[in-house]
Amino acid sequence: MKKLYTALSFLALFVANTLCASGAVRVTSENEYNRLANNGRPTVIEFSANWCGVCNGIAKPFEELSSEAEFKDITFARVDIDELPELSEKSDIKGVPTFHFFANGRLKKCDVGVKNMGAFKENFRRCLRETLLTAPKTSDNGVSNDTAEAFEDPEYVGVPERVNQSGGIGMIWQSIHNFFFRLIDFIQGFFNFAINGIKSLFGR
């Protein structure tokens, strides 16, 4: 009975962590990328690859930042360039990781590469605050200064600005998408947990 109680306690914690954690959205189509970019919500999208050592090295801190209360209003997403090569080509991705920062349906900033792996989390946290949590400064023509400077940079790599078209529908779709991905992860984890629990209870 004690083993069963312990197993149920761990299961309850597992359910809570799986369904309540924020986590980064895995982008699986160009349409989904466009919805995330255009929904008006502050969004950061990382272009990465499984073979990229730097991408693998920053995966955990990127996920941890997505779960911090300070950034609860920011959507974190990830694109695998090998899964979506056409999107990567259209986005003019020259290297990984590449980060696109969107606000109000507009591309505000594009960062390529990581200068300091050890300080990535703190540097990225500061970048999120300055780029997505600070009210944008606009030039005389109404364009965000961050965006204007980015396009003037000869080494800038990015995509054209997009107009906010999907609005609330995009946010609803995104929430549904996140829920189902977490549900799938939960089901897979639950079966693994149940199998291991049965083995331990019966001493196998």
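What follows draws every value from the coordinates through simple rules; no lab data is involved. What you see is a predicted model; the values in this text were computed from it and never measured. Every residue, glycine as well, gets a Cβ built from its backbone with ideal geometry; the counts of neighbours run over all protein chains shown.
What whole-number distance in Å separates the alpha-carbon centres of the range 84-98 and the range 31-59? For the range 84-98 versus the range 31-59, the Cα centre distance is 10 Å. For Glu63 and Glu89, the FRET efficiency from 1/(1 + (r/R0)^6), where r spans their Cβ atoms and R0 equals 30 Å, is about 0.65. With the simple spin-label model, which puts each label point 7 Å out from Cα in the Cβ direction, the Lys72 to Arg125 separation comes to 1.8 nm. Sparsely packed loop sites in the range 44-84 (the chymotrypsin sites (Phe, Trp or Tyr not before Pro) outside DSSP H, G, I, E and B with at most 16 other Cβ atoms within 10 Å) comprise Trp51. Taking a ≥ b ≥ c as the square roots of the Cα gyration tensor eigenvalues, the range 38-82 comes out oblate, since a/c reaches at least 1.5 and a/b does not exceed b/c.
Note on Val112 and Asn50: the model spin-label points, each 7 Å out from Cα along the C-beta direction, lie 2.6 nm apart.
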